[in-house]
Amino acid sequence: MVASRHYDRPPITEAVIDVKFDANLTERERERLMERFKGRFPSVEERKTITVEFGPKEAAAKAAPAGYKMTAANALDLVLINDASFGTARLAPYDRWETFLASAKENFDIFSGVVGRKIIGRLGVRFINRIDIPRQKLETRAIDDLFRLNIALPGGMERERRAQSFAVDFTEATTGAKVLLRYGDATPALLDHLSFNLDIDAFWEGNVPTKIEEMWKSAEALRHAKNACFELSITDEIRELFQ
Amino acid sequence: MSVSQQFAVASPGIRLTSRWQELPLPHAQTSSAPIADGPSNSQVLMDAQKTGSLIQSVPQQAGFEERIFNALVALKVATAQYAMHLPPLERARLFSRLDEVINADDWHEEDALPLLSSFVNFLKWIIFSKNFAWSSIGVSDEGHVLVAWVIPGLSLTANFFPKNKVNWTASVDSEIGAAHTAGTGTLQHFTKQALFYLSGGAAA
């Protein structure tokens with residue numbers, strides 16, 4: 001198994017532990033959850049599904065409530081109340097898994113207290129990393145030398161690569177967890193840097209343990225899956241940027 | 001803004017785009033993320049007989065105090081995107097100063113709320129220049145972030161625009177008298193100017 005590492009300045013911009021249910025939450029349930037969490041997450045954004053229907057002569061748009069994005073006063077911790085899912089999120093600076101998981105457990109206990117137990121269809125652990133690389137470094141090094149991810153085009157096809165991004169849905173080798181990995185160029189976040197996103201979403205789908213304790217234990221395996229994917233995707237030169 | 005104005009109509013076929021939704025996989029469900037999944041560049045390509053939908057986050061209808069608080073939180077959330085490049089003490093100082101400046105007691109309803117893009121440019125600048133010696137932060141009538149550096153013999157101010165532009169002024173006291181300078185330039189250009197003044201170059 002690939003060893004997890006602790007970084008002083010991890011490039012994680014968003015971390016999410018997301019629980020999806022087999023059935024949608026009702027609008028009333030979402031409202032009750034919002035009221036319950038508002039004390040700890042006072043900045044509330046309402047999520048709306050905006051549907052546009054195009055007819056032969058005219059287009060009509062309608063908006064329907066789709067949940068809430070709620071942010072704590074520290075602007076780091078969030079809860080996401082969606083149509084059919086509930087998530088705990090943490091923005092940078094990310095601290096450590098144990099703290100994050102404890103927060104997710106606490107929020108989920110509150111969630112269950114408000115709306116009762118739901119049948120869980122998917123449990124996901126998603127970490128979005130944005131890796132900022134000085135332009136100067138890329139004057140002498142190709143990006144494919146820094147990441148171990150690449151799209152290989154047939155020989156003789158390309159002269160110069162300007163940008164790339166891809167998504168892969170696969171089963172992680174050591175844990176058997178499903179992983180949706182997305183990698184590619186991002187809008188440069190810093191001056192004189194290029195930015196790359198490495199978005200790793202490890203999840204169980206359809207086989208989430210029904211006992212809550214076991215479910216959280218299975219989240220640990222997702223953590224190992226996403227860590228393995230991260231470590232295998234980067235080189236030491238990338239690691240140096242956030243150590 | 002009406003709902004229809006959020007969409008740009010282009011060529012036939014429906015496509016709903018956000019940062020990562022542009023990388024679709026058949027049947028792949030993702031874990032919801034608070035920022036990456038937000039539609040940054042919502043776009044619907046139109047085709048008669050078809051229907052498209054997207055999820056958009058909008059602040060709840062809020063009173064004055066809540067709007068101020070939400071604006072403050074939005075600036076702090078933006079700071080989180082740069083947290084890995086900021087010393088923890090600097091981040092704490094920024095938050096503390098933002099708390100002092102953006103609060104319901106000192107804000108008037110007609111005052112423009114700070115523009116996120118202006119604040120982000122300030123963050124980019126301090127990371128690029130590695131200069132964390134600013135003295136105070138304010139907000140202009142247009143919502144631009146204003147920053148001042150005050151040290152003996154020098155007063156430097158900067159107005160960070162939403163695009164890559166800074167208006168700055170410098171007042172220098174020296175043995176041969178006072179001098180005032182003003183300029184406009186990119187963030188990179190302002191770095192050279194600011195570091196020149198802050199290192200005492202103008203007083204020499």
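Structural remarks
- Compared with the direct C-alpha span, the chain from A:A59 to A:E35 gains 5.1 nm at full extension, assuming 0.36 nm per residue.
- What the phi angles of the stretch A:96-105 give under the Karplus curve with 6.51, -1.76 and 1.60, with θ = phi - 60°, is a coupling list of 8, 4, 4, 5, 5, 5, 4, 5, 5, 5 Hz, glycine and proline written as x.
- A:N207 versus B:T186: modelled label distance in nm, points set 7 Å from Cα along the beta carbon direction: 5.3
- DSSP-loop trypsin sites (Lys or Arg not before Pro) across the stretch B:124-169, with at most 15 other Cβ within 10 angstrom: B:K130, B:K163
- Projected area averaged over orientations for the stretch B:123-204, convex hull of C-alpha atoms, nm²: 5.1
- With θ taken as phi - 60° and the Karplus curve 6.51 cos²θ - 1.76 cosθ + 1.60 applied, the whole-hertz 3J(HN,Hα) list for the stretch A:148-164 is 9, 10, 6, 9, 8, 9, x, x, x, 8, 10, 9, 8, 9, 9, 7, 7 Hz, x standing for glycine and proline.
- Label point 7 Å beyond Cα of B:F95 along Cβ direction - residues of the stretch A:38-53 with amide nitrogen under 11 Å: none
- Chains A and B together bury roughly 5000 Å² of accessible area, counting both sides, with a 1.4 Å probe on protein heavy atoms only.
- Considering only the Cα atoms of the stretch A:1-111, their convex hull presents on average a projected area of 10.4 nm².
- Remark: mean inter-chain Cβ contacts per residue of B:73-80 equal 6, using a 10 Å Cβ-Cβ cutoff to other protein chain atoms.
- Relative contact order for the stretch A:1-118, counting Cα pairs under 8 Å that sit 6 or more residues apart, in percent: 32
- Protein accessible area in chain A, 1.4 Å probe - carbon and sulfur %: 48
- Net lengthening on full extension, A:L138/A:Y7 (0.36 nm per residue, minus Cα-Cα): 44.9 nm
- Calculated log₁₀ intensity ratio I(q)/I(0) where the Debye formula runs over C-alpha points of the protein assembly as shown, q = 0.08, 0.12, 0.13 Å⁻¹: -0.53, -1.16, -1.32
- Exposed trypsin sites (Lys or Arg not before Pro) absent - longest run of chain A, DSSP non-H/G/I/E/B, at most 10 other C-beta within 10 Å: A:1-56
- Take the Cβ atoms of A:D145 and B:E66, set R0 to 56 Å, and the FRET efficiency comes out at 0.70.
- Residue by residue along A:90-100, Cβ atoms of other protein chains within 10 Å of the local Cβ number 3 on average.
- Here the gap between A:D169 and A:T51, fully extended at 0.36 nm per residue and compared with their Cα-Cα distance, gives a gain of 39.7 nm.
- Rg/Rh ratio calculated on Cα atoms of the stretch B:81-137 (Kirkwood radius): 0.99
- Taking a ≥ b ≥ c as the square roots of the eigenvalues of the alpha carbon gyration tensor, the stretch B:61-204 is prolate, as a/c is not under 1.5 and a/b beats b/c.
- Of A:K62/B:K76; B:K165/B:K192; A:K69/A:K178; A:K105/B:K76; A:K38/A:K69, pairs whose Cα-Cα distance is over 21 Å: A:K62/B:K76; A:K69/A:K178; A:K105/B:K76
- Note on A:117-130: average number of Cβ atoms from other chains within 10 Å of each residue's Cβ is 2.
- Remark: the protein assembly as shown carries 48 Å² of accessible area per residue (probe radius 1.4 Å; ligands, DNA and RNA excluded).
- The modelled label-to-label distance between B:L25 and A:E214, using points 7 Å beyond Cα along the C-beta direction, is 2.6 nm.
- Once both labels are positioned 7 Å from their Cα atoms along Cα-to-Cβ, the gap between B:F132 and A:S112 label points is 4.2 nm.
- 3J(HN,Hα) couplings calculated from phi for the stretch B:142-149 with the Karplus curve 6.51 cos²θ - 1.76 cosθ + 1.60 (θ = phi - 60°) are, in sequence order, 8, x, 6, 7, 10, 10, 10, 10 Hz; Gly and Pro show x.
- Over the stretch A:121-243, the hull volume per residue, using the convex hull of the C-alpha atoms, is 131 Å³.
- Spatial separation of Cα centroids for the stretch A:160-198 and the stretch A:27-49, in angstrom: 32
The values are calculated or read from the model by the stated rules, or taken from the named source; none is laboratory data. Values in this document were obtained by computation on a predicted structure and should not be read as measured data. So basically every Cβ, Gly included, is an ideal-geometry build from the backbone, and we count neighbours across all protein chains shown. For the accessible areas, the whole protein counts, side chains as well, though only heavy atoms, and no ligand, DNA or RNA atoms are used. Shrake-Rupley method; radii C 1.70, N 1.55, O 1.52, S 1.80 Å.
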